[in-house]
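The values are calculated or read from the model by the stated rules, or taken from the named source; none is laboratory data. Here the structure is a predicted model, which is why all the values come from computation and not from measurement. Glycine gets a Cβ as well: all are built from the backbone with ideal geometry, and neighbour counts include every protein chain shown. Ligands, DNA and RNA are stripped out before the accessible areas are found, and what is left, the full protein with its side chains, is counted by its heavy atoms. Shrake-Rupley method; radii C 1.70, N 1.55, O 1.52, S 1.80 Å.
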Amino acid sequence: MAFELAPLPYAYDALAPYTSAETLEYHHDKHHAAYVTNLNNLIKGTEFESMSLEEVIKASAGKNVPVFNNAAQHWNHHHFWLWQKKGGGGTKVPGKIQTLIDRDLGGYDKFRADFIQAGMTQFGSGWAWLVFKDGKLSITKTSNAENPMTQGATPILTADVWEHGYYIDYRNLRLKFLEAFVDHLLNWDYVLECYEAAA
Ligand code: FE2
């Protein structure tokens with residue numbers, strides 16, 4: 001069965017001024033859409049066609065680079081949209097997640113600094129992540145399409161640091177984009193939902 005591009009879970013202008021409608025039109029309708037189209041073309045008539053998206057990612061990792069890249073980019077973007085919302089971000093952290101951030105990551109301020117730092121130190125294209133693995137939260141980063149699920153971790157938050165995600169609004173200032181993401185866009189409710197599904 002072919003994979004589908006879900007509509008954005010909010011209006012194109014919902015994340016403005018932190019992410020513009022123009023960015024979302026390009027990022028969702030062009031970049032994300034292309035990954036889905038490419039993935040469907042690549043898996044037609046192969047063993048991947050009958051798998052879930054997560055199964056395709058795990059089965060193609062290290063074995064089929066084009067399928068992996070497009071499948072992982074589809075997953076990463078699909079959830080990246082859900083990990084943002086209008087009026088999100090900041091310290092409105094659900095109690096259960098706050099407790100884990102305090103226990104595993106040294107508190108909110110250190111989480112914020114370390115998550116932004118992960119995005120800043122990802123050289124070139126990639127993703128900053130908050131993951132749940134072996135009963136603990138940790139912050140990590142990956143390059144290109146890589147997803148921590150191939151390392152046995154469950155992603156519960158990501159920020160896209162490919163230039164296509166911020167260049168229209170922030171030009172070269174990745175730091176400004178990451179600060180806006182954490183302070184104004186981050187959807188903590190979906191972080192909690194993903195954590196509860198994994199825990
Ligand atoms: Fe992207």
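Details
- Counting only Cα atoms, segment 73-121 measures 32, 26, 18 Å along its principal axes, largest extent leading.
- R0 of 25 Å, Cβ-Cβ distance Ala33-Glu163: FRET efficiency to nearest 0.05: 0.90
- Computed label-point distance, nm, for sites Ala2 and Lys136 using a 7 Å Cα→Cβ extension: 4.5 nm
- Helix 95-105 and the longest principal axis of the C-alpha atoms of the chain enclose an angle of approximately 90°.
- On Cα atoms only, tilt of 33-43 relative to the major axis of the chain in degrees: 40 degrees
- Sorted peptide list for 58-64, 14-20, criterion being average Cβ within 10 angstrom, highest first: 14-20, 58-64
- For segment 18-92, Kirkwood radius (reciprocal of mean inverse C-alpha pair distance, Å): 13.6 Å
- Probe 1.4 Å, accessible area per residue of the chain, Å²: 47 Å²
- Under 16 Å from the Ala59 label point (7 Å along Cα→beta-carbon), backbone N, segment 25-39: 39
- Gyration tensor over alpha-carbon atoms, segment 36-175, equivalent ellipsoid semi-axes in Å: 28, 18, 13
- Exceedance of the 23 Å cut-off in Cα-Cα distance is limited, within the set Lys63/Lys141; Lys58/Lys85; Lys58/Lys110; Lys44/Lys141; Lys110/Lys141; Lys58/Lys96, to Lys58/Lys85; Lys58/Lys110; Lys44/Lys141; Lys58/Lys96.
- Within the accessible area of the chain (1.4 Å probe), percent carbon and sulfur: 52 percent
- The simple spin-label model puts a point 7 Å past each Cα toward its Cβ; for Tyr10 and Met120 those points are separated by 2.5 nm.
- Considering every alpha-carbon pair of segment 1-50, the percent of pairs per 5 Å bin, from zero through the bin containing the longest distance, is 5, 20, 23, 16, 12, 10, 8, 4, 1.
- With only Cα atoms counted, segment 104-163 has Rg and Dmax values of 11.0, 33 Å.
- Axis angle, to the nearest 10 degrees, between helix 188-198 and the longest C-alpha principal axis of the chain: 60 degrees.
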